[in-house]
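The values are calculated or read from the model by the stated rules, or taken from the named source; none is laboratory data. It should be emphasised that the depicted structure is a prediction, and the values quoted were computed from it without experimental measurement. All Cβ positions, glycine included, derive from the backbone under ideal geometry; neighbour counts span all protein chains shown. Only protein heavy atoms, including side chains, enter the accessible area calculation; ligands, DNA and RNA are left aside. Shrake-Rupley method; radii C 1.70, N 1.55, O 1.52, S 1.80 Å.
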Amino acid sequence: MPISASSPENEHSPQGRRQAGALTSENHSLAVRGDWTLADYQTLKQTVREYSGQQWDTANIDLTELGRVDTAGASLLVALLGPETLIALTKQDGTLPDEQSTLLQAVADALQEKPSPEPERLAPISQFLTETGKTVEAIWHLIYLLSGFVGQILATLFAVLPRPKRWRVTAFVAAIQDTGLNALPIVALLTFLVGAVVAFLGATVLTGFGATIYTVNLVAFSFLREFGVLLAAILLAGRTASAFTAQIGAMKVNEELDAIRTLGLDPVELLVIPRVLAMMISLPILTFVGMLAGLVGGGVVCAIALDISPAQFMAIMERDIALKHFLVGMSKAPIFAFLIAAIGCLEGFKVGGSAQSVGVHTTSSVVQSIFAVILLDAGAALFFMEMGW
């Protein structure tokens, strides 16, 4: 509905409240009369067409008999006179009421073609620093959101654990099957192959030093401390974190999360806690399987290429590899699992209202999970090295 402004003289005129708008031109002068409103839009539009193409000087334009004006009529006056001329006329002519003058200026300013601002050109160094600052700000925002979400998970977890009636056992068991049992074959196969590759590399390098027997130590140290947990965590980051994001994101797109909140339920308790707990149980199991599969792969290569029998392989491990290396690797698994599940669920809650947003945040959850796992593993390796563990 158009916004309108009226002249007090026209409202109280003896001819009545409404007088159709019109244009009259004499001696290169133009007079605008009557009401310029939506009711007479088609007639006024035809009248404006008759006078279009002419240039009018503000000194030769008379608006003293202008009646009611709304946005539709003001747009016609802009088309007739031009936005610059109409703005200048309303500023010069003091006979127009304030509401009419303000309306005409607002419509003319809105319809005035404004040149698009030229993009600011920055020097290469300034542009590099600007992009670096934006990236750092985005990373800080991600860390801030993740820290808050982790705190929310812990608060909900401590509130739910003492209350067995609120445990979601079915969802928990289903999540264990999805994240643990279904991922077992691929983790075992991958770690077996990586163990064989590490043994081949060790045999190739150590042969020149006459120390091929230490290939056993290389395989055992690498898988017990690093590769077992790291490969399992990276596989779950790509396989399970993306699944968490897609599942929760699809629920948000379908407004199922809003329905859960409407029912008085907490989405974190209902959707996040079972997945986090399932991951914290599944990843240590997968880590243990990955360690065994990697050692088996290394043992097969040692038996085939280096004539180190399985019995000798196990004897060297028992003699040279301490239990602490196994404990160091296993201690990382629950922390990695918690972090991967938290990132996957958080990205799911950040999904917008489109399928494209689901894909974007699914990709983001995989990248963030893998990066966080590797970064945390590097920090843990430095810590354990300094502690002599």
Of the listed peptides 346-358, 214-226, what is their order by residue-averaged count of other C-beta atoms within 10 Å, with the highest listed first?
214-226, 346-358
Please enumerate, by chain and number, the lysines with C-alpha under 28 Å from the C-alpha of LYS324, excluding those fewer than 8 residues away in the same chain.
LYS332
Does the range 124-236 classify as rounded, prolate or oblate by the C-alpha gyration tensor (a ≥ b ≥ c root eigenvalues; a/c under 1.5 gives rounded; else a/b over b/c gives prolate, otherwise oblate)?
oblate
Dipole magnitude (debye, nearest 20) for the chain, charges at Cβ of Lys, Arg, Asp, Glu:
2120 debye
Between the modelled labels at ALA311 and PHE128 (7 Å from Cα along Cα→Cβ) the distance in nm is 6.4 nm
Stretched out fully, how many nm does the piece from THR204 to ALA110 gain, at 0.36 nm a residue minus the Cα gap?
26.3 nm
Heavy atoms of SER364 accessible to a 1.4 Å probe, total area in Å² rounded to 10:
40 Å²
Probe of 1.4 angstrom, ligands and nucleic acids ignored: what's the accessible area per residue over the chain, in square angstrom?
55 Å²
So if each residue of separation counts as 0.36 nm, and I subtract the Cα-Cα distance between PHE383 and GLN42, what length gain in nm does that give?
114.7 nm
Where does each of 180-190, 318-328 land if you order them by average Cβ count within 10 Å, highest first?
180-190, 318-328
Full-extension gain between LEU323 and LEU263, please, as 0.36 nm times their residue separation minus the C-alpha to C-alpha distance.
16.6 nm
Roughly speaking, to the nearest percent, how much of the chain's 1.4 Å accessible area is carbon and sulfur?
64 percent
What do you get for the angle between helix 242-253 and the principal long axis of the chain? Use alpha-carbon atoms, 0 to 90 degrees, nearest ten.
30 degrees
Packing-wise, with mean Cβ within 10 Å as the measure, how do 244-251, 82-89, 141-148 rank, highest first?
244-251, 82-89, 141-148
Under a Gaussian network model of the chain whose springs join Cα atoms within less than 10 Å, the largest fluctuation of ALA171, ALA199, ALA311 belongs to ALA311
If you take every residue apart from GLY329 with its C-beta less than 14 Å away from the C-beta of GLY329, what net charge results, scoring Lys and Arg +1 and Asp and Glu -1?
+1
With DNA, RNA and ligands ignored, accessible area of VAL48 (1.4 Å probe; Å², nearest 10)
10 Å²
